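A.B. asks: Please find one structure pasted underneath; my questions will follow.
Every number in this text was worked out from the coordinates using simple rules, so none of it is lab data. Bear in mind that the values here come from a model prediction, so they are computed numbers and not experimental data. We place every Cβ from the backbone using ideal geometry, glycine too, and count neighbours over all the protein chains shown.
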Amino acid sequence: MYEPKPEHKFTFGLWTVGNIGRDPFGEPVRRQLSPVEIVYLLAEVGAYGVNLHDNDLVPIDATPAERDKIVTDFQQALADTGLVVPMATTNLFTDPAFKDGAFTANDPQVRAFALQKTMRAIDLGAELGATTYVFWGGREGTETDASKNPLDAGKRMRDALNFLCDYVIDQGYDLKFALEAKPNEPRGDIYLATTGAMLAFIETLDHPEMVGVNPEVAHEFMAGLNFLHHVAQAWDSGKLFHIDLNDQAFGRYDQDFRFGSVNLKSAFFLVKFLEDVGYGGSRHFDAHAYRTEDYEGVKDFARGCMRTYLILKEKAAQWNADPEIQALLTEIHADDGSTAVYTSPYTPAKATALKEASFDRVALGQRGLGYERLDQLTIELLLGVR
Ligand code: GCO
Ligand code: MN
Ligand code: MN
């Protein structure tokens, strides 16, 4: 019943199930799997697709001949398993050259190199069939604002994205960009720190229609924000091109936990939102297994992400069909239409009428809204007693 199927569009990055458990305090705990081995692992657990950074597949110093062999072997594994590559991205954060950022680095040589690396990675993504290209500017930030003027950084970022949009158009690729915000880690502060900031920035680009967002649960949580509200704004703007699902305790380091493992109620309302609006893109799990796990544990992690999503999807359908919850919602959202004479669209006559209308302010303030009951019903549904 909770078996993942291709239509669910569950994807994982090579770097997620391929995470070897290195952290700032400790050495790797798992063997590095090859990209081909990761494809087989993902096929075994029932994923639909695999996403990648250029260097997850092709080492940064590979020769052209090595590159071609690696790509051919990878494509063979995709053909053998039926997995697809819906999204690709560039690693602009691991190499020391990017220590001051990539598109926003102060050194113009670094900025040019970042553009070159991204064009090559876009070619690779297009070759593998990706239709979404993610930009996560992990190093695009500062530790000290003495080093960089944020206006310069914004202009450099805009110039880079405009250049790359034109490159994609020029090549005739069927590719859209999805910008992923994060407030910090690995930089002290990262520019365009929230999904909302990205949405505003997109409107300043030459081709805003090509560019949307890739919000990530953990990133808004790291900033102490409500993820669902950001996803809803992105959806409302027609900009929800991709989504990174994982989990995260507020106020902690970047945890990348299994989807739904920490903030279950938030995960529920997120899944309910995505399913209710009919989001049709990838459900990409950008997370990794605990460092305590071997590769059996990694499979448990991956299966858990998808299973939790599907259970929450079922719970969302149950919530939408629950007579008591729905009756309460009908009451909460009741509208007798009597204020329509005052509200949008504006007319001078409506404004005059509204100015003269009288409201029973005290009664409005005294009315109980029943949200406690509604939330408790939600909790009981999630706890499986409804
Ligand atoms: C992170 C980010 C990354 C990006 C990835 C693809 O916190 O490290 O979420 O995992 O999503 O680089 O752009
Ligand atoms: Mn992340
Ligand atoms: Mn991410």
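A.B. asks: Could you work out the relative contact order of segment 1-63? I mean the mean sequence separation of Cα pairs under 8 Å and 6+ apart, divided by the number of residues, in percent.
C.D. replies: So the answer I get is 45 percent.
A.B. asks: Karplus couplings for segment 210-219 from phi (6.51 cos²θ - 1.76 cosθ + 1.60, θ = phi - 60°), rounded to Hz, Gly and Pro as x?
C.D. replies: 8, 10, x, 10, 10, x, 10, 3, 4, 6
A.B. asks: I want the local charge near Thr90. Using Cβ-Cβ distances under 9 Å, sum +1 for each Lys or Arg and -1 for each Asp or Glu among the other residues.
C.D. replies: Residues near Thr90 contribute +1 overall.
A.B. asks: What nm distance separates the two modelled labels at Thr292 and His207, each placed 7 Å from Cα along Cα→Cβ?
C.D. replies: So the two model labels end up 4.8 nm from each other.
A.B. asks: Which whole-Hz couplings ³J(HN,Hα) result when phi for each residue of segment 52-57 is put into the Karplus expression 6.51 cos²θ - 1.76 cosθ + 1.60, θ = phi - 60°, listed in order with x for Gly and Pro?
C.D. replies: 7, 7, 3, 7, 5, 9
A.B. asks: Something else about it: Counting other C-beta atoms within 10 Å, and keeping those with at most 11, which DSSP coil trypsin sites (Lys or Arg not before Pro) do you find in segment 125-179?
C.D. replies: Taking segment 125-179 and a limit of 11 other Cβ atoms within 10 Å, no loop trypsin sites (Lys or Arg not before Pro) are found.
A.B. asks: When the chain is modelled as a GNM with alpha-carbon springs shorter than 10 Å, which of Leu274, Leu92, Leu245 fluctuates the most?
C.D. replies: Leu274
A.B. asks: Per residue of segment 344-359, in order, report the coupling 6.51 cos²θ - 1.76 cosθ + 1.60 (Karplus, θ = phi - 60°) as ³J(HN,Hα) in whole Hz, putting x for Gly and Pro.
C.D. replies: Coupling constants for segment 344-359: 3, x, 5, 9, x, 5, 5, 4, 5, 4, 5, 4, 8, 5, 10, 10 Hz.
A.B. asks: Subtracting the Cα-Cα distance from 0.36 nm times the residue separation, let me have the gained length for Asn184 to Val341 in nm, one decimal. Display every interim value, and only then the final one.
C.D. replies: Values: separation 157, 0.36 × 157 = 56.52 nm, distance 4.74 nm.
Working it through step by step, the gained length comes to 51.8 nm.
A.B. asks: Run down the lysines and flag those whose C-alpha is under 23 Å from the C-alpha of Lys176, throwing out any fewer than 8 positions away in its chain.
C.D. replies: Partners found: Lys9, Lys117, Lys155, Lys239.
A.B. asks: Taking Cα centroids, how far is segment 223-295 from segment 71-115 in Å?
C.D. replies: For segment 223-295 versus segment 71-115, the Cα centre distance is 23 Å.
A.B. asks: Take each of the peptides 279-286, 186-193, 59-66, average the number of other beta-carbon atoms within 10 Å over its residues, and list them starting from the highest.
C.D. replies: Packing order, densest peptide first, comes out as 279-286, 186-193, 59-66.
A.B. asks: According to a simple spin-label model (label point 7 Å from Cα along Cα-to-Cβ), what is the distance in nm between Asp276 and Lys155?
C.D. replies: Inter-label distance under the simple model: 4.4 nm.
A.B. asks: First check a/c for segment 6-320, with a ≥ b ≥ c the square roots of the eigenvalues of its C-alpha gyration tensor; if it is under 1.5, answer rounded, and if not, answer prolate when a/b is larger than b/c or oblate otherwise.
C.D. replies: Details: a/c = 1.35, a/b = 1.13, b/c = 1.20.
Rounded.
A.B. asks: Also, I was wondering about something else. Mind checking the full-extension length gain between Val362 and Asn226? Use 0.36 nm per residue of separation minus the Cα-Cα distance, one decimal, nm.
C.D. replies: That works out to 45.9 nm of additional length.
A.B. asks: Looking at the square roots a ≥ b ≥ c of the eigenvalues of the Cα gyration tensor of segment 311-354, which shape do they give, rounded for a/c under 1.5, prolate if a/b is larger than b/c, or oblate?
C.D. replies: Details: a/c = 7.45, a/b = 3.04, b/c = 2.46.
The shape class here is prolate.
A.B. asks: Taking the chain as a Gaussian network, Cα atoms linked when under 10 Å apart, which of Phe227, Phe163, Phe135 shows the biggest mean-square fluctuation?
C.D. replies: Phe163
A.B. asks: Let me ask something else about it. Under a 5 Å amide H to amide H cut-off, with H placed in plane at 1.01 Å, what residues pair with Asn51 once short-range neighbours are removed?
C.D. replies: Under 5 Å from the amide H of Asn51 lie the amide H atoms of Phe12, Gly13, Leu14, each far enough along the sequence or on another chain.
A.B. asks: Dipole of the chain (Lys/Arg Cβ +1, Asp/Glu Cβ -1, origin at the Cα centre): which of Asn263, Ala340, Leu92 lies farthest to the positive side?
C.D. replies: Ala340
A.B. asks: Given the options Thr89, Thr81, Thr104, which has the most mean-square fluctuation in a GNM of the chain, springs set between C-alpha atoms less than 10 angstrom apart?
C.D. replies: Thr81
A.B. asks: Right, next: Take the Cβ-Cβ distance between Lys5 and Glu331 as r, set R0 to 41 Å, and report the resulting FRET efficiency rounded to the nearest 0.05.
C.D. replies: 0.65
A.B. asks: With +1 assigned to the C-beta of every Lys and Arg and -1 to the C-beta of every Asp and Glu, and no other charges, what is the dipole magnitude of the chain about the Cα centre in debye, to the nearest 20?
C.D. replies: In total the dipole reaches around 460 debye.
A.B. asks: Which whole-number percent gives the relative contact order of the chain, counting Cα pairs below 8 Å spaced six or more residues apart?
C.D. replies: Relative contact order, the chain: 14 percent.
A.B. asks: With the crude spin-label approximation of a point 7 Å out along Cα→Cβ, what separation in nm comes out for Ala351 versus Ala146?
C.D. replies: Going by the 7 Å Cα→Cβ label model, 5.2 nm.
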